[in-house]
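Engineer: The structure under discussion is supplied below as structure tokens; questions concerning it will follow.
The values are calculated or read from the model by the stated rules, or taken from the named source; none is laboratory data. Since the model is a prediction, treat every value here as computed from it, not as a measurement. Note that we place each Cβ from the backbone using ideal geometry, even for glycine, and neighbour counts take in every protein chain shown.
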Amino acid sequence: MRYSKLFGKTIKEAPKDEVAANAKLLLRGGFIDKLMAGSYTLLHLGRRVEQKIEQIIREEMNTTGAQEVLMPLLHPKEIWNETGRWDSAREVMYQFKKNDKEYALSFTHEEIVMDLVRKHISSYKDLPVKIYHFSTKFRDEKRVKSGILRGREFLMKDLYSVHVSEEDMTKYYQEVIEAYKRIFKRMELDAILTQAAGGVFTKGSTHEFQVIVDSGEDEIVYCPGGDFSANAEVSSVKEGKQCDLGHGPLKKAKAIEVGNIFPLGTYYSEKMKALFTDHSGQKKPAWFASYGIGLTRAVGAIVEVHHDDKGIVWPESVAPYSVHLIEIRNPKSEIRNSADEVYARLQKEGIEVLYDDREDISAGEKFADADLIGIPIRLVVSEKTQDKIEWKKRNEQKTQLLSVDAIVKRF
């Protein structure tokens, strides 16, 4: 991608009403655009990051045997009435009336999955079912001060599993926990499995994945030894209590929730008559669980964790491009041809490149934009580098002069 052709350039200052680091840096870097509070456009760079995250999640979901689907976002009132959530979840749902019928915009899909199950499942032989999708969610969020961490419209992956027994559900629940751990590790997020309450999803206890960061809106009480973590809002365990396994006192910290999982039991299947015939011919309600990861929230969380005073420092696995190529030239220079050749070679080798080919822009401005955008590797072609290319990692100060062949080999 030539930067001169990129739709969505860097800007010097973020809107004054944005206070979160993720919002400021993503807006300034040309990753997102703000339509209104809680509603953002993913521009080209932001969409590429989100797609990298989506692919990581897709790969790990597939390893659990889950199948990808795509479910509707517009839901009739009747289906939400079957579980009572048309009223109980009214505060977070966007509900409206059209042509004498009432609808809601999806904030989750438990009821839709149960409707699918009762249509397509009849026997224990049809279970378990494990389906997931990536889709937009709508929630009437009252607090929208954290950029894309907390929006009224956002992208989310939700996985749903349906089982013949609690034992089978619990077994898969643990598989998903391990898959989530791999997902967040690949994103370079140190996510802690945390006990929490289910809210409008379930009355029982659930689990969240929390990333410790000073800007987080949640608070957790956790053991640094890794054997305990609970959301401070719902836990009777207090900071300072000695860890049961001898790791010392528990600590309290700010954190960002990046994922959640809910063991829902048979509540939804009983309410919606999602029954199956067991080995003995008896009708039984299916066991149900749901598992979510916010895609746009993950983008914001990564920025909150991975940035410095110059801009974003993207992990390689989710960076919009692998290389930020910069040409530095003067009016008498023929370096453009050399930079174009490097760009063409890298593309031919399948290396993702953002090429800053802008004219009449100073070297200082190009370097500042590269730091702000945060692509892992910066390459500079200039008169100074002669037949070599300057290689620099975003999170390091040192530079190296390498041939284009050596650079290709590194990738």
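Engineer: If you take the residues in the range 114-148 that are over 22 Å from Thr64 (Cβ atoms) and more than 29 Å from the chain's Cα centre (by Cα), which one is surrounded by the fewest Cβ atoms within 10 Å (Cβ to Cβ)?
Structural biologist: This residue is Lys119.
Engineer: Can you tell which of Ala368, Ala363 is aliphatic (A, V, I, L, M), in contact (Cβ under 8 Å) with a residue 40 or more places away in the chain, out of contact with any strand residue (DSSP E or B) (no Cβ under 6 Å at 6 or more places or on another chain) and surrounded by fewer than 16 Cβ atoms within 10 Å (Cβ to Cβ)? Explain how you work it out, then say what you get.
Structural biologist: Values: Ala363 fails: in contact (Cβ under 8 Å) with a residue 40 or more places away in the chain.
Exactly one of Ala368, Ala363 is aliphatic (A, V, I, L, M), in contact (Cβ under 8 Å) with a residue 40 or more places away in the chain, out of contact with any strand residue (DSSP E or B) (no Cβ under 6 Å at 6 or more places or on another chain) and surrounded by fewer than 16 Cβ atoms within 10 Å (Cβ to Cβ), namely Ala368.
Engineer: Please name all residue pairs, on different chains or six or more residues apart, with Cβ atoms under 7 Å, provided the first residue is in the range 337-350 and is in the same structural domain as Ser403 (by TED's automatic domain parsing) and the second residue is surrounded by 13 or more Cβ atoms within 10 Å (Cβ to Cβ) and in a helix (DSSP H, G or I).
Structural biologist: Pairs that qualify, where the first residue is in the same structural domain as Ser403 (by TED's automatic domain parsing) and the partner is surrounded by 13 or more Cβ atoms within 10 Å (Cβ to Cβ) and in a helix (DSSP H, G or I), are Val342/Val404; Arg345/Val404; Glu349/Val408.
Engineer: Something else now. Among the strands (runs of 3 or more DSSP E) confined wholly to the range 233-330, which include 2 or more residues that are within 28 Å of Leu346 (Cβ to Cβ) and without any contact (Cβ under 8 Å) to a residue 40 or more places away in the chain?
Structural biologist: Those strands (runs of 3 or more DSSP E) do not exist here; none qualify.
Engineer: Now a separate question. I need the helices (runs of 4 or more DSSP H) fully contained in the range 1-107, keeping only those with at least 1 residues that are within 30 Å of Ser269 (Cα to Cα) and out of contact with any helix residue (DSSP H, G or I) (no Cβ under 7 Å at 6 or more places or on another chain).
Structural biologist: Correct list: 44-63, 77-81, 85-88.
Engineer: Given the conditions (1) under 30 Å from Asp126 (Cα atoms); (2) in contact with a Lys or Arg (Cβ under 9 Å, 6 or more places away or on another chain); (3) surrounded by fewer than 17 Cβ atoms within 10 Å (Cβ to Cβ), report the number of the one that Arg182 does not fulfil.
Structural biologist: (2)
Engineer: Identify all residues within the range 278-315 that are over 22 Å from Arg47 (Cα atoms) and under 14 Å from the mean Cα position of the chain (by Cα); write none if there are none.
Structural biologist: Tyr291
Engineer: Then there is this: Is it the case that some residue within the range 181-200 is among the small types (Gly, Ala, Ser), touching a Gly at 6+ places or on another chain (Cβ under 7 Å) and either assigned to a helix (DSSP H, G or I) or closer than 25 Å to Ile79 by Cβ (or both)?
Structural biologist: Yes.
Engineer: Further question on the same structure: Of all residues in the range 201-217, count the ones that are surrounded by fewer than 18 Cβ atoms within 10 Å (Cβ to Cβ), under 30 Å from Thr266 (Cβ atoms) and modelled with pLDDT of 90 or more.
Structural biologist: 0
Engineer: Let me ask something else about it. Among the listed residues Thr108, Thr64, identify the single one that is out of contact with any Pro (no Cβ under 6 Å at 6 or more places or on another chain), polar (S, T, N, Q), closer than 23 Å to Lys181 by Cα and surrounded by 18 or more Cβ atoms within 10 Å (Cβ to Cβ).
Structural biologist: Residue meeting the stated conditions: Thr108.
Engineer: State all residues of the range 18-49 that are free of Cβ contacts under 8 Å to residues at least 12 places away in the same chain and within 18 Å of Lys145 (Cβ to Cβ); if no residue qualifies, say none.
Structural biologist: Leu35, Met36
Engineer: Which is outside any helix (DSSP H, G or I), closer than 14 Å to Tyr3 by Cβ and hydrophobic (A, V, I, L, M, F, W, C), of Leu401, Leu379? Reasoning before the result, please.
Structural biologist: Numbers: Leu401 fails: closer than 14 Å to Tyr3 by Cβ.
Sole residue among the options that is outside any helix (DSSP H, G or I), closer than 14 Å to Tyr3 by Cβ and hydrophobic (A, V, I, L, M, F, W, C): Leu379.
Engineer: Take Arg394 and decide whether it is basic (Lys, Arg), closer than 27 Å to Ile53 by Cα, surrounded by 13 or more Cβ atoms within 10 Å (Cβ to Cβ) and in contact (Cβ under 8 Å) with a residue 40 or more places away in the chain.
Structural biologist: Yes: the conditions hold for Arg394.
Engineer: Also, I was wondering about something else. Taking the stated definitions as given, is Val113 touching a residue at least 24 places away in the same chain (Cβ under 8 Å), touching a Phe, Trp or Tyr at 6+ places or on another chain (Cβ under 7 Å), within 26 Å of Ala179 (Cα to Cα) and among the β-branched types (Val, Ile, Thr)?
Structural biologist: Numbers: touching a residue at least 24 places away in the same chain (Cβ under 8 Å): yes; touching a Phe, Trp or Tyr at 6+ places or on another chain (Cβ under 7 Å): yes; within 26 Å of Ala179 (Cα to Cα): yes; among the β-branched types (Val, Ile, Thr): yes.
For Val113, the condition - touching a residue at least 24 places away in the same chain (Cβ under 8 Å), touching a Phe, Trp or Tyr at 6+ places or on another chain (Cβ under 7 Å), within 26 Å of Ala179 (Cα to Cα) and among the β-branched types (Val, Ile, Thr) - is met.
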